[in-house]
Amino acid sequence: MKILVTGGSGFIGRAVCAAAVDRGLSVTSLSRHGASLPTHTPALEKVTWLRGSVFDEEALEAALHEAGAVVHCVGIGRERPGKDESFKRVNGDSAIVVGEAAKKAKVPAFVFLSAGEKPPWAHEEYLSSKRRAEVALAKLCERLLVIRPGLVYGPEKRLASYAAGVLRLVAAVRTPGPRLEANTPISVGVVALAVLRGVLDPTARGVIEPARIAGFAEVALSTVG
Ligand SMILES: NC(=O)c1ccc[n+]([C@@H]2O[C@H](COP(=O)([O-])OP(=O)(O)OC[C@H]3O[C@@H](n4cnc5c(N)ncnc54)[C@H](OP(=O)(O)O)[C@@H]3O)[C@@H](O)[C@H]2O)c1
């Protein structure tokens, strides 16, 4: 099966691409700057890296050709108004645009990288854009899986890995409230496995909250594909 990962060159996108290639899927990524291979990961060399914006209708249509699933990993944590990068546009509109094109191309499955909580420095629009996109995608997609990670860490993100350690320590000494639960730290490899299950398991649909992602990813992938 071919999958399209929009934003496949980003932190989470790369982990998704590598996990999907390892699983034997044919993977295409679409992002404005094309390939991004900061570390030697043989799996990433097998990805078809397309250069283009999801807001470019032609580029998106070509990237979607023969895709059996789309994984939308486009998003920003900080706005750059001078570059037309607002939360509304990149975290919300981008997903809706891809959902509409996927519907037109009759792609049966859509996995959306949403968020459980906004970063402390970001304003409310970070999260409200994601929620708006979730509602729109639910109407557009044949099968939609929304993954809402809290803090995602990995070897490339030292600060996030440190913050994840602090959050885990806090959770160990006091009962996590909703705010702490929405930020349950999770490794980028586990998020990628959850995405892969979303792609391969025809029964996977709905919203996966931060505290449920690890359990959702744990289901042996050999049983679903
Ligand atoms: N990292 C976390 O802790 C975390 C936590 C919760 C949720 N999330 C969500 O997970 C998603 C991925 O996060 P990340 O940390 O992997 O972000 P990232 O590293 O910044 O990656 C974002 C990706 O989106 C691409 N992109 C941006 N605008 C685009 C456009 N117009 N067309 C095509 N591609 C575009 C970027 O490539 P170009 O710049 O080359 O286009 C890049 O590949 C985001 O939606 C984020 O909100 C992340």
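Since every read-out is calculated from the coordinates, none of them should be taken as a lab result. These figures come from a predicted structure and were not determined experimentally. Don't worry about glycine lacking a Cβ; one is built from the backbone with ideal geometry, like all the others, and counts go over all protein chains shown.
For the range 58-104, the relative contact order comes to 39 percent (Cα pairs under 8 Å, sequence separation of at least 6). Dividing the convex hull volume of the alpha carbon atoms of the range 54-115 by its residue count gives 71 Å³ per residue.
Dividing the convex hull volume of the alpha carbon atoms of the range 86-150 by its residue count gives 60 Å³ per residue.
Residues whose amide H lies under 5 Å from that of residue 219, counting only those 5 or more places away or on a different chain, are absent; hydrogens are built 1.01 Å from N in the peptide plane. Applying a DSSP loop filter and a limit of 16 other Cβ atoms within 10 Å to the trypsin sites (Lys or Arg not before Pro) in the range 63-160 leaves 78, 106.
Decide, for the range 148-194, between rounded, prolate and oblate: order the square roots of the alpha carbon gyration tensor eigenvalues as a ≥ b ≥ c, take rounded if a/c falls under 1.5, and otherwise choose prolate if a/b is larger than b/c, else oblate. Oblate is the answer for the range 148-194, as a/c is 1.5 or above yet b/c matches or exceeds a/b. Among the listed pairs 103/130; 2/88; 104/139; 118/139, those with a Cα-Cα distance over 21 Å are 2/88; 118/139. Listing 94, 161, 29 from fewest to most neighbouring C-beta atoms within 10 Å gives 161, 94, 29. For the range 127-188, applying the loop criterion from DSSP together with a ceiling of 13 other beta carbons within 10 Å to the GluC sites (Glu not before Pro) yields 142, 156. Summing +1 for each Lys or Arg and -1 for each Asp or Glu among the other residues whose beta-carbon sits under 11 angstrom from that of residue 213 gives +1. Comparing 23, 205, 197 in a Gaussian network model of the chain, where Cα atoms under 10 Å apart are tied by springs, the biggest mean-square fluctuation is seen for 23. Here the alpha carbons of the range 1-159 define both size measures, Rg and Dmax, at 14.8, 40 Å.
Given R0 = 30 Å, the distance between the Cβ atoms of residue 100 and residue 124 translates into a calculated FRET efficiency of 0.75. The amide H of residue 143, built 1.01 Å from its N in the peptide plane, has 110 as neighbours under 5 Å, considering only residues 5 or more places off or on other chains. Taking 0.36 nm per residue of separation and subtracting the Cα-Cα distance, full extension of the segment from residue 142 to residue 45 would add 31.8 nm. Rg and Dmax of the range 71-225, based on Cα coordinates, read 15.8, 50 Å. Computed from label points 7 Å out along Cα-Cβ, the spacing between residue 33 and residue 62 is 2.1 nm. The angle between the Cα long axis of helix 94-104 and the longest principal axis of the Cα atoms of the chain comes to about 40 degrees, rounded to the nearest 10.
Measuring between their Cα centroids, the range 163-225 and the range 1-73 lie 22 Å from each other. Across the range 189-199, computed HN-Hα scalar couplings (Karplus, 6.51 cos²θ - 1.76 cosθ + 1.60, θ = phi - 60°) run x, 6, 4, 4, 5, 4, 4, 4, 4, x, 6 Hz from first to last residue, x flagging Gly and Pro.
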